Amino acid sequence: MTASGYTDKDKHEDIKVLHSMGYAQELERRLSRFSNFAVSFSIICILSGGINSLAQATSGAGGIGIGIGWLVGCFISLTFAVAMSQIASAYPTAGGLYHWGSILGNRGTGWVTAWLNLLGLVTVLGAINVGTWTFFVGAFGAALGIENTLVNQMIFLVIITGGQALINHLGIKLTARLTDFSGYLIFFGSILIAVVCLAFAQTWDFGRLFTFTNYTGTADVWPQVSNVWAFALGLLLPIYTITGYDASAHTSEETIKAAHSVPRAMVMSVVWSALFGYLFLAAFVLMIPDMDEAAKQGWNVFFWAFDQRVSPGIKEFVYLVVFVAQLLCGLATVTSVSRMIFAFSRDGGLPASGALSKVSPKFRTPVAAIWTGSILSVLFVWGSSDVSVAGTSAYTIVVSCTVIFLFLSFTVPIILGMMAWGTPKWDKMGPWNLGRGVFILFAVLSLISMIIIFLLGIQPPNDKALYITVGFFVLTAVIWFAFERRRFQGPPLGDIIAARQSAIKAAEAAVGEKLH
(Lines give C-alpha, C1' and ligand atoms only; values in the text may rest on other atoms or scores of the structure.)
Protein backbone atom coordinates (compact mmCIF):
# COMPACT_ATOMS: atom_id res chain seq x y z
CA MET A 1 0.00 0.00 0.00
CA THR A 2 1.44 3.39 -1.02
CA ALA A 3 -1.43 5.46 0.39
CA SER A 4 -4.66 4.86 2.26
CA GLY A 5 -6.85 2.74 -0.02
CA TYR A 6 -4.30 2.92 -2.84
CA THR A 7 -2.88 -0.51 -3.64
CA ASP A 8 0.08 -1.54 -5.75
CA LYS A 9 -2.45 -2.72 -8.31
CA ASP A 10 -3.99 0.76 -8.43
CA LYS A 11 -0.55 2.30 -8.88
CA HIS A 12 0.29 -0.18 -11.62
CA GLU A 13 -2.89 0.86 -13.41
CA ASP A 14 -2.09 4.57 -13.12
CA ILE A 15 1.44 4.04 -14.41
CA LYS A 16 0.21 1.75 -17.18
CA VAL A 17 -2.08 4.51 -18.46
CA LEU A 18 0.80 6.99 -18.33
CA HIS A 19 3.14 4.61 -20.15
CA SER A 20 0.50 4.07 -22.83
CA MET A 21 0.76 7.77 -23.61
CA GLY A 22 4.55 7.61 -23.82
CA TYR A 23 5.51 9.20 -20.50
CA ALA A 24 7.47 8.10 -17.44
CA GLN A 25 6.25 8.25 -13.84
CA GLU A 26 8.83 10.88 -12.85
CA LEU A 27 6.56 12.90 -10.56
CA GLU A 28 5.40 11.32 -7.32
CA ARG A 29 1.81 10.14 -6.92
CA ARG A 30 0.72 11.48 -3.54
CA LEU A 31 -2.43 13.49 -4.18
CA SER A 32 -5.66 11.93 -2.98
CA ARG A 33 -8.97 12.82 -4.62
CA PHE A 34 -9.48 15.55 -2.03
CA SER A 35 -5.94 16.86 -2.51
CA ASN A 36 -6.45 17.09 -6.25
CA PHE A 37 -9.74 18.89 -5.62
CA ALA A 38 -8.04 21.19 -3.11
CA VAL A 39 -5.43 22.33 -5.66
CA SER A 40 -8.14 23.57 -8.05
CA PHE A 41 -10.35 24.83 -5.22
CA SER A 42 -7.38 26.81 -3.87
CA ILE A 43 -6.59 28.39 -7.24
CA ILE A 44 -10.22 29.35 -7.77
CA CYS A 45 -10.12 30.72 -4.20
CA ILE A 46 -13.42 32.55 -3.85
CA LEU A 47 -11.80 34.46 -0.98
CA SER A 48 -9.41 35.97 -3.52
CA GLY A 49 -11.26 36.74 -6.75
CA GLY A 50 -14.65 36.90 -5.05
CA ILE A 51 -13.42 39.72 -2.81
CA ASN A 52 -10.81 41.52 -4.89
CA SER A 53 -13.11 41.74 -7.93
CA LEU A 54 -16.33 42.35 -5.99
CA ALA A 55 -16.79 45.84 -7.44
CA GLN A 56 -17.52 44.36 -10.85
CA ALA A 57 -20.97 43.57 -9.42
CA THR A 58 -21.54 46.26 -6.78
CA SER A 59 -20.49 49.06 -9.15
CA GLY A 60 -22.25 47.40 -12.07
CA ALA A 61 -25.79 46.07 -11.68
CA GLY A 62 -25.88 46.26 -7.88
CA GLY A 63 -27.33 43.49 -5.71
CA ILE A 64 -28.67 41.45 -8.60
CA GLY A 65 -25.08 41.09 -9.82
CA ILE A 66 -24.65 38.71 -6.88
CA GLY A 67 -28.19 37.38 -6.42
CA ILE A 68 -28.56 36.27 -10.05
CA GLY A 69 -25.34 37.21 -11.84
CA TRP A 70 -23.08 35.07 -9.65
CA LEU A 71 -25.12 31.95 -10.41
CA VAL A 72 -25.24 32.65 -14.15
CA GLY A 73 -21.50 33.28 -14.33
CA CYS A 74 -20.72 30.16 -12.31
CA PHE A 75 -22.81 28.06 -14.69
CA ILE A 76 -20.80 29.47 -17.59
CA SER A 77 -17.60 28.27 -15.90
CA LEU A 78 -19.19 24.93 -15.05
CA THR A 79 -19.85 24.16 -18.73
CA PHE A 80 -16.09 24.08 -19.37
CA ALA A 81 -15.37 21.98 -16.28
CA VAL A 82 -17.94 19.31 -17.22
CA ALA A 83 -16.73 19.11 -20.82
CA MET A 84 -13.05 18.98 -19.81
CA SER A 85 -13.73 16.36 -17.15
CA GLN A 86 -14.65 13.85 -19.85
CA ILE A 87 -11.36 14.40 -21.66
CA ALA A 88 -9.34 14.43 -18.43
CA SER A 89 -10.65 10.99 -17.53
CA ALA A 90 -9.55 9.57 -20.87
CA TYR A 91 -6.16 11.34 -20.93
CA PRO A 92 -4.91 11.97 -17.35
CA THR A 93 -1.54 13.65 -17.97
CA ALA A 94 0.32 16.69 -16.61
CA GLY A 95 -0.15 19.70 -18.86
CA GLY A 96 -3.43 18.08 -19.83
CA LEU A 97 -4.78 20.85 -22.04
CA TYR A 98 -1.69 20.85 -24.26
CA HIS A 99 -1.73 17.08 -24.51
CA TRP A 100 -5.43 16.98 -25.33
CA GLY A 101 -5.06 19.72 -27.94
CA SER A 102 -2.36 17.66 -29.64
CA ILE A 103 -3.86 14.18 -29.67
CA LEU A 104 -7.43 15.29 -30.39
CA GLY A 105 -6.26 17.72 -33.04
CA ASN A 106 -2.68 17.94 -34.27
CA ARG A 107 0.72 19.28 -33.30
CA GLY A 108 -0.29 22.83 -34.26
CA THR A 109 -3.48 22.94 -32.19
CA GLY A 110 -1.60 21.43 -29.25
CA TRP A 111 1.18 24.00 -29.55
CA VAL A 112 -1.27 26.93 -29.66
CA THR A 113 -3.23 25.50 -26.72
CA ALA A 114 -0.01 25.20 -24.74
CA TRP A 115 0.94 28.83 -25.30
CA LEU A 116 -2.56 30.09 -24.52
CA ASN A 117 -2.59 28.16 -21.26
CA LEU A 118 1.01 28.92 -20.33
CA LEU A 119 0.76 32.67 -20.89
CA GLY A 120 -2.55 32.70 -19.06
CA LEU A 121 -1.12 30.83 -16.06
CA VAL A 122 2.05 32.93 -15.76
CA THR A 123 0.14 36.21 -15.92
CA VAL A 124 -2.64 34.99 -13.64
CA LEU A 125 -0.02 33.99 -11.04
CA GLY A 126 1.27 37.55 -11.14
CA ALA A 127 -2.27 38.94 -10.97
CA ILE A 128 -3.22 36.71 -8.03
CA ASN A 129 -0.20 37.83 -6.01
CA VAL A 130 -0.79 41.47 -6.94
CA GLY A 131 -4.34 41.00 -5.69
CA THR A 132 -2.94 39.57 -2.45
CA TRP A 133 -0.71 42.63 -2.11
CA THR A 134 -3.66 44.95 -2.71
CA PHE A 135 -5.69 43.12 -0.07
CA PHE A 136 -2.75 43.15 2.37
CA VAL A 137 -2.31 46.92 2.02
CA GLY A 138 -6.05 47.55 2.36
CA ALA A 139 -6.34 45.32 5.41
CA PHE A 140 -3.10 45.94 7.28
CA GLY A 141 -1.19 48.68 5.45
CA ALA A 142 -2.32 51.61 7.61
CA ALA A 143 -1.62 49.79 10.88
CA LEU A 144 1.82 48.68 9.71
CA GLY A 145 2.70 51.98 8.06
CA ILE A 146 3.12 50.36 4.63
CA GLU A 147 2.12 52.39 1.59
CA ASN A 148 0.88 51.09 -1.74
CA THR A 149 3.92 51.93 -3.88
CA LEU A 150 5.40 49.99 -6.79
CA VAL A 151 8.63 49.37 -4.85
CA ASN A 152 6.77 47.98 -1.85
CA GLN A 153 4.59 45.90 -4.13
CA MET A 154 7.57 44.35 -5.89
CA ILE A 155 9.34 43.55 -2.60
CA PHE A 156 6.16 41.87 -1.37
CA LEU A 157 5.79 39.90 -4.64
CA VAL A 158 9.40 38.70 -4.57
CA ILE A 159 8.99 37.49 -0.98
CA ILE A 160 5.68 35.66 -1.33
CA THR A 161 6.29 34.27 -4.83
CA GLY A 162 9.71 33.07 -3.71
CA GLY A 163 8.12 31.38 -0.70
CA GLN A 164 5.47 29.74 -2.87
CA ALA A 165 8.15 28.47 -5.25
CA LEU A 166 10.31 27.14 -2.41
CA ILE A 167 7.43 25.16 -0.91
CA ASN A 168 6.67 23.67 -4.34
CA HIS A 169 10.38 22.91 -4.79
CA LEU A 170 10.45 20.87 -1.58
CA GLY A 171 7.95 18.30 -2.82
CA ILE A 172 4.31 17.65 -3.55
CA LYS A 173 3.78 16.22 -0.04
CA LEU A 174 4.35 19.59 1.65
CA THR A 175 2.44 21.44 -1.07
CA ALA A 176 -0.50 19.05 -0.75
CA ARG A 177 -0.67 19.50 3.02
CA LEU A 178 -0.90 23.26 2.58
CA THR A 179 -3.41 23.15 -0.26
CA ASP A 180 -5.51 20.63 1.70
CA PHE A 181 -5.46 23.12 4.57
CA SER A 182 -6.34 25.85 2.08
CA GLY A 183 -9.40 23.90 0.99
CA TYR A 184 -10.71 23.69 4.54
CA LEU A 185 -9.73 27.31 5.17
CA ILE A 186 -11.78 28.52 2.19
CA PHE A 187 -14.83 26.64 3.47
CA PHE A 188 -14.27 28.06 6.96
CA GLY A 189 -13.59 31.59 5.69
CA SER A 190 -16.72 31.62 3.55
CA ILE A 191 -18.90 30.56 6.48
CA LEU A 192 -17.10 33.02 8.77
CA ILE A 193 -17.73 35.98 6.45
CA ALA A 194 -21.35 34.94 5.97
CA VAL A 195 -21.96 34.69 9.72
CA VAL A 196 -20.19 37.99 10.45
CA CYS A 197 -22.06 39.82 7.69
CA LEU A 198 -25.44 38.48 8.76
CA ALA A 199 -24.70 39.23 12.42
CA PHE A 200 -23.74 42.85 11.75
CA ALA A 201 -26.38 43.59 9.08
CA GLN A 202 -29.04 46.03 10.26
CA THR A 203 -31.72 44.18 8.31
CA TRP A 204 -31.87 41.11 6.11
CA ASP A 205 -33.35 42.70 3.03
CA PHE A 206 -33.24 39.73 0.65
CA GLY A 207 -34.89 41.86 -2.01
CA ARG A 208 -31.51 43.52 -2.53
CA LEU A 209 -30.22 40.36 -4.14
CA PHE A 210 -32.78 40.69 -6.91
CA THR A 211 -32.80 44.48 -7.30
CA PHE A 212 -31.22 45.93 -10.42
CA THR A 213 -29.69 49.40 -10.44
CA ASN A 214 -27.35 50.63 -13.14
CA TYR A 215 -24.34 51.89 -11.18
CA THR A 216 -21.91 51.96 -14.10
CA GLY A 217 -20.05 55.23 -14.37
CA THR A 218 -20.28 55.97 -10.63
CA ALA A 219 -16.74 54.69 -9.88
CA ASP A 220 -13.57 53.73 -11.74
CA VAL A 221 -14.81 50.20 -12.42
CA TRP A 222 -17.05 50.45 -15.49
CA PRO A 223 -17.84 53.33 -17.84
CA GLN A 224 -21.49 54.29 -18.21
CA VAL A 225 -23.25 51.57 -20.22
CA SER A 226 -26.80 50.41 -20.90
CA ASN A 227 -28.77 48.32 -18.42
CA VAL A 228 -28.17 45.11 -20.36
CA TRP A 229 -24.44 45.67 -20.45
CA ALA A 230 -24.38 46.64 -16.76
CA PHE A 231 -25.72 43.21 -15.83
CA ALA A 232 -23.62 41.38 -18.44
CA LEU A 233 -20.34 42.96 -17.34
CA GLY A 234 -21.07 41.92 -13.76
CA LEU A 235 -20.87 38.30 -14.93
CA LEU A 236 -17.12 38.79 -15.14
CA LEU A 237 -16.96 38.62 -11.32
CA PRO A 238 -17.82 34.89 -11.17
CA ILE A 239 -16.22 34.13 -14.54
CA TYR A 240 -12.90 35.70 -13.53
CA THR A 241 -13.09 34.05 -10.10
CA ILE A 242 -14.16 30.53 -11.13
CA THR A 243 -11.18 29.58 -13.28
CA GLY A 244 -8.00 27.63 -12.67
CA TYR A 245 -9.70 24.24 -12.26
CA ASP A 246 -7.48 22.93 -15.05
CA ALA A 247 -4.95 22.53 -12.20
CA SER A 248 -6.62 19.18 -11.45
CA ALA A 249 -5.55 18.03 -14.92
CA HIS A 250 -2.06 19.52 -14.59
CA THR A 251 -1.47 17.46 -11.43
CA SER A 252 -2.87 14.23 -12.92
CA GLU A 253 0.47 12.44 -12.81
CA GLU A 254 0.71 13.13 -9.06
CA THR A 255 -2.85 12.00 -8.30
CA ILE A 256 -3.84 8.48 -7.27
CA LYS A 257 -6.51 6.85 -9.44
CA ALA A 258 -6.21 9.91 -11.68
CA ALA A 259 -8.72 8.84 -14.32
CA HIS A 260 -11.39 8.73 -11.60
CA SER A 261 -10.19 11.47 -9.24
CA VAL A 262 -9.22 14.28 -11.62
CA PRO A 263 -12.52 14.77 -13.48
CA ARG A 264 -14.57 14.61 -10.29
CA ALA A 265 -12.26 17.12 -8.58
CA MET A 266 -12.44 19.46 -11.56
CA VAL A 267 -16.24 19.59 -11.55
CA MET A 268 -16.71 19.67 -7.80
CA SER A 269 -14.18 22.49 -7.32
CA VAL A 270 -16.46 24.64 -9.46
CA VAL A 271 -19.66 23.48 -7.77
CA TRP A 272 -18.43 24.06 -4.21
CA SER A 273 -16.84 27.39 -5.15
CA ALA A 274 -20.12 28.52 -6.67
CA LEU A 275 -22.17 27.51 -3.61
CA PHE A 276 -19.89 28.87 -0.89
CA GLY A 277 -19.11 31.98 -2.92
CA TYR A 278 -22.82 32.67 -3.18
CA LEU A 279 -23.19 32.11 0.56
CA PHE A 280 -20.76 34.78 1.71
CA LEU A 281 -21.28 37.25 -1.16
CA ALA A 282 -25.05 37.25 -0.66
CA ALA A 283 -24.54 37.81 3.07
CA PHE A 284 -22.13 40.65 2.27
CA VAL A 285 -24.75 42.37 0.09
CA LEU A 286 -27.23 42.12 2.97
CA MET A 287 -24.71 43.79 5.29
CA ILE A 288 -23.91 46.75 3.01
CA PRO A 289 -25.20 49.93 4.71
CA ASP A 290 -26.28 51.61 1.49
CA MET A 291 -26.05 50.18 -2.04
CA ASP A 292 -25.72 53.63 -3.65
CA GLU A 293 -22.77 54.51 -1.44
CA ALA A 294 -21.26 51.05 -1.96
CA ALA A 295 -21.28 51.57 -5.72
CA LYS A 296 -19.27 54.78 -5.31
CA GLN A 297 -16.54 52.94 -3.38
CA GLY A 298 -15.43 51.01 -6.44
CA TRP A 299 -12.66 48.52 -5.70
CA ASN A 300 -12.60 49.50 -2.02
CA VAL A 301 -16.15 48.29 -1.35
CA PHE A 302 -15.20 45.27 0.78
CA PHE A 303 -13.09 47.27 3.24
CA TRP A 304 -15.56 50.16 3.27
CA ALA A 305 -18.48 47.91 4.20
CA PHE A 306 -16.52 46.14 6.96
CA ASP A 307 -15.32 49.48 8.33
CA GLN A 308 -18.92 50.69 8.46
CA ARG A 309 -20.41 47.65 10.13
CA VAL A 310 -17.95 45.23 11.77
CA SER A 311 -16.13 45.68 15.09
CA PRO A 312 -12.31 45.96 14.85
CA GLY A 313 -11.24 42.66 16.44
CA ILE A 314 -13.59 40.54 14.35
CA LYS A 315 -12.75 42.52 11.24
CA GLU A 316 -9.01 41.91 11.60
CA PHE A 317 -9.57 38.18 12.15
CA VAL A 318 -11.63 37.96 8.94
CA TYR A 319 -8.90 39.85 7.08
CA LEU A 320 -6.23 37.46 8.39
CA VAL A 321 -8.17 34.39 7.23
CA VAL A 322 -8.70 35.90 3.79
CA PHE A 323 -5.05 36.94 3.50
CA VAL A 324 -3.76 33.43 4.32
CA ALA A 325 -6.21 31.92 1.81
CA GLN A 326 -4.93 34.30 -0.87
CA LEU A 327 -1.31 33.36 -0.15
CA LEU A 328 -2.21 29.68 -0.58
CA CYS A 329 -4.06 30.52 -3.79
CA GLY A 330 -0.74 31.70 -5.21
CA LEU A 331 0.98 28.56 -3.89
CA ALA A 332 -1.42 26.29 -5.79
CA THR A 333 -1.05 28.41 -8.92
CA VAL A 334 2.73 27.89 -8.87
CA THR A 335 2.00 24.15 -8.81
CA SER A 336 -0.24 24.43 -11.86
CA VAL A 337 2.01 26.65 -13.97
CA SER A 338 5.10 24.56 -13.20
CA ARG A 339 3.41 21.33 -14.31
CA MET A 340 2.35 23.02 -17.53
CA ILE A 341 5.94 24.16 -18.19
CA PHE A 342 7.23 20.68 -17.32
CA ALA A 343 4.79 18.88 -19.61
CA PHE A 344 5.34 21.20 -22.59
CA SER A 345 9.12 21.04 -22.12
CA ARG A 346 9.40 17.25 -22.01
CA ASP A 347 8.05 17.30 -25.57
CA GLY A 348 10.51 20.00 -26.58
CA GLY A 349 7.99 22.84 -26.71
CA LEU A 350 10.03 25.54 -24.93
CA PRO A 351 13.52 27.01 -25.09
CA ALA A 352 15.83 25.15 -22.68
CA SER A 353 13.34 22.27 -22.63
CA GLY A 354 16.02 19.85 -21.43
CA ALA A 355 16.48 21.79 -18.20
CA LEU A 356 12.83 22.72 -17.71
CA SER A 357 11.69 19.10 -17.97
CA LYS A 358 14.16 17.81 -15.37
CA VAL A 359 12.65 16.30 -12.22
CA SER A 360 14.60 16.40 -8.96
CA PRO A 361 15.36 12.85 -7.77
CA LYS A 362 15.29 14.08 -4.17
CA PHE A 363 12.05 16.06 -4.21
CA ARG A 364 10.33 14.52 -7.27
CA THR A 365 9.34 17.98 -8.49
CA PRO A 366 10.18 19.89 -11.71
CA VAL A 367 12.46 22.34 -9.92
CA ALA A 368 13.55 24.44 -12.92
CA ALA A 369 9.95 24.72 -14.14
CA ILE A 370 8.80 25.86 -10.68
CA TRP A 371 11.35 28.66 -10.41
CA THR A 372 11.03 29.70 -14.05
CA GLY A 373 7.26 30.13 -13.86
CA SER A 374 7.55 32.01 -10.57
CA ILE A 375 10.30 34.35 -11.77
CA LEU A 376 8.48 35.07 -15.03
CA SER A 377 5.33 36.04 -13.13
CA VAL A 378 7.26 38.58 -11.02
CA LEU A 379 9.10 39.94 -14.07
CA PHE A 380 5.77 40.31 -15.86
CA VAL A 381 4.36 42.47 -13.07
CA TRP A 382 7.54 44.52 -12.75
CA GLY A 383 7.95 45.06 -16.47
CA SER A 384 4.33 45.94 -17.18
CA SER A 385 3.34 48.01 -14.14
CA ASP A 386 5.41 51.06 -15.06
CA VAL A 387 4.55 51.05 -18.77
CA SER A 388 1.45 52.71 -20.22
CA VAL A 389 -0.25 52.36 -23.59
CA ALA A 390 -2.58 55.23 -24.49
CA GLY A 391 -2.88 56.11 -20.81
CA THR A 392 -3.64 52.54 -19.66
CA SER A 393 -1.15 50.46 -17.67
CA ALA A 394 0.35 47.64 -19.72
CA TYR A 395 -0.23 45.40 -16.69
CA THR A 396 -3.96 46.16 -16.76
CA ILE A 397 -4.14 45.51 -20.51
CA VAL A 398 -2.38 42.14 -20.28
CA VAL A 399 -4.34 40.97 -17.22
CA SER A 400 -7.57 41.78 -19.07
CA CYS A 401 -6.47 39.15 -21.62
CA THR A 402 -5.47 36.54 -19.06
CA VAL A 403 -8.90 35.00 -18.55
CA ILE A 404 -9.64 35.15 -22.29
CA PHE A 405 -6.44 33.18 -22.94
CA LEU A 406 -7.21 30.65 -20.21
CA PHE A 407 -10.75 29.99 -21.43
CA LEU A 408 -9.54 29.78 -25.03
CA SER A 409 -7.07 27.11 -23.89
CA PHE A 410 -10.06 25.24 -22.40
CA THR A 411 -12.18 25.69 -25.52
CA VAL A 412 -9.69 24.41 -28.11
CA PRO A 413 -9.41 20.82 -26.78
CA ILE A 414 -13.12 20.72 -25.96
CA ILE A 415 -14.11 21.54 -29.55
CA LEU A 416 -11.44 19.20 -30.91
CA GLY A 417 -12.78 16.50 -28.62
CA MET A 418 -16.30 17.06 -29.89
CA MET A 419 -15.06 16.55 -33.45
CA ALA A 420 -12.72 13.67 -32.60
CA TRP A 421 -15.11 11.57 -30.51
CA GLY A 422 -15.87 8.29 -32.26
CA THR A 423 -12.75 8.45 -34.43
CA PRO A 424 -9.42 6.65 -33.80
CA LYS A 425 -8.20 9.81 -32.02
CA TRP A 426 -10.79 9.30 -29.27
CA ASP A 427 -12.73 6.07 -29.47
CA LYS A 428 -13.23 5.37 -25.78
CA MET A 429 -14.41 7.46 -22.83
CA GLY A 430 -12.52 7.20 -19.56
CA PRO A 431 -14.06 5.76 -16.38
CA TRP A 432 -15.67 9.16 -15.59
CA ASN A 433 -18.29 8.83 -18.30
CA LEU A 434 -21.34 11.08 -18.39
CA GLY A 435 -22.22 9.82 -21.86
CA ARG A 436 -21.59 11.15 -25.32
CA GLY A 437 -24.80 13.20 -25.34
CA VAL A 438 -23.87 15.07 -22.16
CA PHE A 439 -20.35 15.70 -23.44
CA ILE A 440 -21.61 17.09 -26.77
CA LEU A 441 -24.16 19.27 -24.95
CA PHE A 442 -21.55 20.78 -22.64
CA ALA A 443 -19.05 21.13 -25.47
CA VAL A 444 -21.58 23.24 -27.39
CA LEU A 445 -22.41 25.21 -24.23
CA SER A 446 -18.67 25.78 -23.73
CA LEU A 447 -18.35 27.23 -27.22
CA ILE A 448 -21.31 29.55 -26.60
CA SER A 449 -19.81 30.49 -23.22
CA MET A 450 -16.46 31.26 -24.85
CA ILE A 451 -18.15 33.67 -27.24
CA ILE A 452 -19.87 35.37 -24.29
CA ILE A 453 -16.61 35.60 -22.31
CA PHE A 454 -14.75 37.05 -25.27
CA LEU A 455 -17.42 39.68 -25.95
CA LEU A 456 -17.51 40.67 -22.28
CA GLY A 457 -13.74 40.62 -21.96
CA ILE A 458 -13.13 43.16 -24.73
CA GLN A 459 -15.58 45.79 -23.50
CA PRO A 460 -14.26 49.14 -22.16
CA PRO A 461 -12.16 49.64 -20.13
CA ASN A 462 -10.66 46.35 -21.36
CA ASP A 463 -11.19 47.03 -25.07
CA LYS A 464 -7.47 46.72 -25.85
CA ALA A 465 -7.75 43.02 -25.01
CA LEU A 466 -9.17 42.54 -28.52
CA TYR A 467 -5.97 43.79 -30.13
CA ILE A 468 -3.76 41.69 -27.84
CA THR A 469 -5.78 38.54 -28.58
CA VAL A 470 -5.72 39.11 -32.35
CA GLY A 471 -2.03 39.98 -32.14
CA PHE A 472 -1.34 36.75 -30.26
CA PHE A 473 -2.91 34.62 -32.98
CA VAL A 474 -1.13 36.50 -35.75
CA LEU A 475 2.21 36.14 -33.98
CA THR A 476 1.75 32.46 -33.17
CA ALA A 477 0.70 31.74 -36.77
CA VAL A 478 3.89 33.38 -38.06
CA ILE A 479 6.10 31.53 -35.56
CA TRP A 480 4.38 28.20 -36.18
CA PHE A 481 4.54 28.25 -39.97
CA ALA A 482 7.99 29.84 -40.13
CA PHE A 483 9.75 27.78 -37.47
CA GLU A 484 7.87 25.45 -35.13
CA ARG A 485 5.96 23.41 -37.70
CA ARG A 486 9.20 21.75 -38.78
CA ARG A 487 10.86 21.60 -35.36
CA PHE A 488 8.14 20.76 -32.81
CA GLN A 489 7.08 17.12 -32.80
CA GLY A 490 4.44 17.23 -30.09
CA PRO A 491 3.58 14.40 -27.68
CA PRO A 492 4.55 10.82 -28.60
CA LEU A 493 2.06 8.90 -30.69
CA GLY A 494 1.84 5.46 -32.28
CA ASP A 495 5.15 3.67 -32.82
CA ILE A 496 7.06 6.42 -31.01
CA ILE A 497 5.38 5.39 -27.74
CA ALA A 498 6.54 1.78 -28.14
CA ALA A 499 10.05 2.94 -28.97
CA ARG A 500 10.24 5.02 -25.79
CA GLN A 501 9.58 2.24 -23.29
CA SER A 502 13.25 1.65 -22.45
CA ALA A 503 13.80 5.41 -22.05
CA ILE A 504 10.73 5.54 -19.78
CA LYS A 505 12.21 2.88 -17.50
CA ALA A 506 15.53 4.74 -17.38
CA ALA A 507 13.80 8.03 -16.51
CA GLU A 508 11.86 6.37 -13.70
CA ALA A 509 14.99 4.71 -12.34
CA ALA A 510 16.78 8.08 -12.34
CA VAL A 511 14.21 9.55 -9.92
CA GLY A 512 13.86 6.42 -7.80
CA GLU A 513 10.49 5.19 -9.08
CA LYS A 514 10.68 1.46 -8.32
CA LEU A 515 7.24 0.07 -9.14
CA HIS A 516 6.93 -1.06 -12.79
Exercise. Out of VAL151, VAL196, VAL124, which single residue is open to solvent by 60 Å² or more (accessible area, probe 1.4 Å) and hydrophobic (A, V, I, L, M, F, W, C)?
Worked result: VAL151
Problem set entry | Residues (open to solvent by less than 40 Å² (accessible area, probe 1.4 Å), of a type in the set (Lys, Arg) and in a loop (DSSP other than H, G, I, E, B)) located in segment 1-31 | ARG29
Problem set entry | Selection from segment 345-363 of residues that are closer than 24 Å to GLY163 by Cα, of a type outside the set (Gly, Ala, Ser) and surrounded by 17 or more Cβ atoms within 10 Å (Cβ to Cβ) | LEU356, LYS358, VAL359, PHE363
Exercise. Residue check: is SER446 within 24 Å of the chain's Cα centre (by Cα) and either of a type in the set (Phe, Trp, Tyr) or surrounded by fewer than 18 Cβ atoms within 10 Å (Cβ to Cβ) (or both)?
Worked result: no
Problem set entry | Subset of segment 310-343 that is surrounded by 24 or more Cβ atoms within 10 Å (Cβ to Cβ) and among the β-branched types (Val, Ile, Thr) - its residue that is nearest to GLY189 (Cα to Cα) | VAL322
Exercise. Within segment 474-494, how many residues turn out to be exposed (fewer than 13 other Cβ atoms within 10 Å of the Cβ) and under 28 Å from TYR240 (Cβ atoms)?
Worked result: 3
Problem set entry | Entirely in segment 209-277, the helices (runs of 4 or more DSSP H) that have 1 or more residues that are among the small types (Gly, Ala, Ser) | 227-234, 247-250
Seminar exercise, completed: Sole miss for GLN202 among (1) open to solvent by less than 50 Å² (accessible area, probe 1.4 Å); (2) polar (S, T, N, Q); (3) not in a helix (DSSP H, G or I) is condition (1)
Exercise. Going by the structure shown, is GLY62 at positive phi, surrounded by fewer than 24 Cβ atoms within 10 Å (Cβ to Cβ) and either part of a helix (DSSP H, G or I) or not aliphatic (A, V, I, L, M) (or both)?
Worked result: no
For this session: Inspect all residues belonging to segment 123-133 and state whether any of them is free of Cβ contacts under 8 Å to residues at least 60 places away in the same chain, of a type outside the set (Lys, Arg) and assigned to a helix (DSSP H, G or I).
Result: yes
Exercise. Mind checking whether some residue in segment 448-468 is more than 30 Å from THR216 (Cβ to Cβ) and at pLDDT 90 or above?
Worked result: no
For this session: Quickly run through segment 440-494 and pick out the residues that are outside any helix (DSSP H, G or I) and not charged (D, E, K, R).
Result: ILE458, GLN459, PRO460, PRO461, ASN462, PHE488, GLN489, GLY490, PRO491, PRO492, LEU493, GLY494
Seminar exercise, completed: Restricting segment 250-261 to residues that are farther than 16 Å from LYS173 by Cα and among the aliphatic types (A, V, I, L, M), the one surrounded by the most Cβ atoms within 10 Å (Cβ to Cβ) turns out to be ALA258
Exercise. Taking segment 130-151 only, how many residues are touching a Gly at 6+ places or on another chain (Cβ under 9 Å) and closer than 18 Å to PHE302 by Cα?
Worked result: 3
For this session: Six or more apart or on different chains, Cβ under 9 Å: which pairs go from a residue in segment 360-382 that's within 18 Å of ALA176 (Cα to Cα) and of a type in the set (S, T, N, Q) to one that's open to solvent by less than 20 Å² (accessible area, probe 1.4 Å) and in a loop (DSSP other than H, G, I, E, B)? Could you list them?
Result: SER360/GLY171; SER360/PRO366; SER360/VAL511; THR365/LEU27; THR365/GLY171; THR365/VAL359
For this session: Kindly indicate which of ALA282, ALA247 is more than 17 Å from the chain's Cα centre (by Cα), under 28 Å from ILE452 (Cβ atoms) and either among the aliphatic types (A, V, I, L, M) or open to solvent by 10 Å² or more (accessible area, probe 1.4 Å) (or both).
Result: ALA282
For this session: Kindly indicate whether ASP180 is at negative phi, of a type outside the set (Ser, Thr, Tyr) and not in a helix (DSSP H, G or I).
Result: no
Exercise. Has segment 98-107 got at least one residue that is in contact (Cβ under 8 Å) with a residue 40 or more places away in the chain, open to solvent by less than 10 Å² (accessible area, probe 1.4 Å), touching a Lys or Arg at 6+ places or on another chain (Cβ under 9 Å) and hydrophobic (A, V, I, L, M, F, W, C)?
Worked result: yes
For this session: Just name the residue that is least open to solvent (accessible area, probe 1.4 Å) out of those in segment 495-505 that are touching a residue at least 60 places away in the same chain (Cβ under 8 Å) and outside any loop (DSSP other than H, G, I, E, B).
Result: ILE504
Problem set entry | Only listed residue being in a helix (DSSP H, G or I), within 25 Å of PHE323 (Cα to Cα) and of a type outside the set (Ser, Thr, Tyr), chosen from PHE75, PHE80, PHE34 | PHE34
Exercise. Just a yes or no: is a residue in segment 207-225 of a type outside the set (Ser, Thr, Tyr) and at positive phi?
Worked result: yes
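The values are calculated or read from the model by the stated rules, or taken from the named source; none is laboratory data. This is a predicted model, so every value here is computed, not measured. Don't worry about glycine lacking a Cβ; one is built from the backbone with ideal geometry, like all the others, and counts go over all protein chains shown. SASA here: full protein model, heavy atoms, side chains in, ligands and nucleic acids out. Shrake-Rupley method; radii C 1.70, N 1.55, O 1.52, S 1.80 Å.
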